[in-house]
Amino acid sequence: MKKMMFRVAATATIALLASGAQAETRLTMSSWLPSGHPLVRDVMVPWANSVEEATEGRVKVVMLPSALGHPKVHYDIAREGQADITYGGHGYTPGRFKLYKMVEFPFGGDSAVGTSVAYWKVYNEYLKPAGEHDDVKLLGLFTHGPGHIHNSKRTVNSAEDMKGLKLRVGGGVASDLASALGAVAIQKPSSSSYELISSGVADGTLFPHESVVAFNIQDKVTHSTLVPGGTHNFSFYLAMNKDRFEALPEEDQKAIESVSGEAFARLAGSMWDTQDAKGLEAMKANGNEIVTAGESFLTEIGNASAPMEAEWLETAAEMGVDGKAALEAFRSLSHQK
């Protein structure tokens, strides 16, 4: 009897240990933004929690205490498996990715939820076959809110006003547009904004409202020009090491996918929209000059971006993508929330 009870207890202990072992699947995430940044606090952390909940505790995403490298290498950090999961901006590595520019042209939309959800849908229908992300498991795509012009020097309401302004930009269309309008584009990640602007290396930046406050430059860039639909947008990815994802049980793969993709796009977009509204209020409360771009300036912005769009359409065609249909679908969907 005692032997039988011992065997039953031992079997139960083994079962518990096995259950505990399943709960120990830990996926590391490298994050290059400060822990208090809304993208980390209100998107990455809640998403990590949703992964654990969706997998019933079998998978846990663990944020590493410090970034494993510069923002521009985070795609490779996931691809090579230095960390299991990373996020970053496509524009941080010029020339590597091409199709993402679809979401970055001016006047893309006034809501980050709209542009982010549209991006995920259009990517899967039109852009995915080009294979730009085949070397990772792409978990999400999203954009920040519409970009606007913020600077420390003067009111900007024409291309002439833009001439000579040194603007920190993240790359991609924002960099090309700033240059086309006569500004000096300084391509650096958003995390360098305060240092560049406070030191005078940069006069300002193209940023959504949220980022002005998040990077504490509202006292530095006291002249803001709001551009309906945005001067640009910025394309972000959420990526996972492909082998690591495929090694997970199928039920956990499906669970992670259920809280990623469109769900993640809505989560990220909602954060940007909420924070953009708060950022604009904070800029107003700070007494900053805030103007809205006039029709002539909007025309100048459109004319400056037209060659970029034409070039993108050619590139898309070379990659076997119907760029015209993709762009039309994105612009239609991006105005839906």
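The values are calculated or read from the model by the stated rules, or taken from the named source; none is laboratory data. Since the structure is predicted, the reported quantities are computational estimates derived from the model, not experimental observations. Virtual Cβ from ideal backbone geometry, glycine too; neighbours counted across all protein chains shown.
Conditions (1) surrounded by 20 or more Cβ atoms within 10 Å (Cβ to Cβ); (2) modelled with pLDDT of 95 or more; (3) outside the structural domain of Arg154 (by TED's automatic domain parsing); (4) assigned to a helix (DSSP H, G or I), marked per residue:
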residue	(1), (2), (3), (4)
Ser192	no, no, no, yes
Ile197	yes, yes, no, yes
Ala202	yes, yes, no, no
Thr205	yes, yes, no, no
Val213	yes, no, no, yes
Asn216	no, no, no, no
Lys220	yes, yes, no, no
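Pairs needed: first member in segment 87-116, in a loop (DSSP other than H, G, I, E, B); second member anywhere, charged (D, E, K, R); C-beta distance under 6 Å; at least 6 residues apart or different chains. Filtered contacts from segment 87-116: Thr93/Lys72; Phe97/Glu132; Phe105/Glu309; Ser111/Asp273; Ser111/Lys337.
Between Gly109, Gly95, the distinction of being out of contact with any helix residue (DSSP H, G or I) (no Cβ under 9 Å at 6 or more places or on another chain) and closer than 22 Å to Leu206 by Cα belongs to Gly95 only. Within the bounds of segment 235-242, is there any residue that is touching a His at 6+ places or on another chain (Cβ under 7 Å) and among the polar types (S, T, N, Q)? Yes, because at least one residue in segment 235-242 is touching a His at 6+ places or on another chain (Cβ under 7 Å) and among the polar types (S, T, N, Q).
Within segment 282-319, restricting attention to residues that are among the polar types (S, T, N, Q) and in a helix (DSSP H, G or I), the residue that is farthest from Gly204 (Cα to Cα) is Thr315.
Just one of the numbered conditions (1) among the small types (Gly, Ala, Ser); (2) surrounded by fewer than 18 Cβ atoms within 10 Å (Cβ to Cβ); (3) not in a helix (DSSP H, G or I) is not true of Ala263: (3). Just need a number here: residues in segment 135-176 that are out of contact with any Lys or Arg (no Cβ under 7 Å at 6 or more places or on another chain) and in contact (Cβ under 8 Å) with a residue 40 or more places away in the chain. Here the count works out to 26. Among the residues making up segment 266-310, a single one is buried (at least 21 other Cβ atoms within 10 Å of the Cβ) and of a type in the set (Val, Ile, Thr): Ile301.
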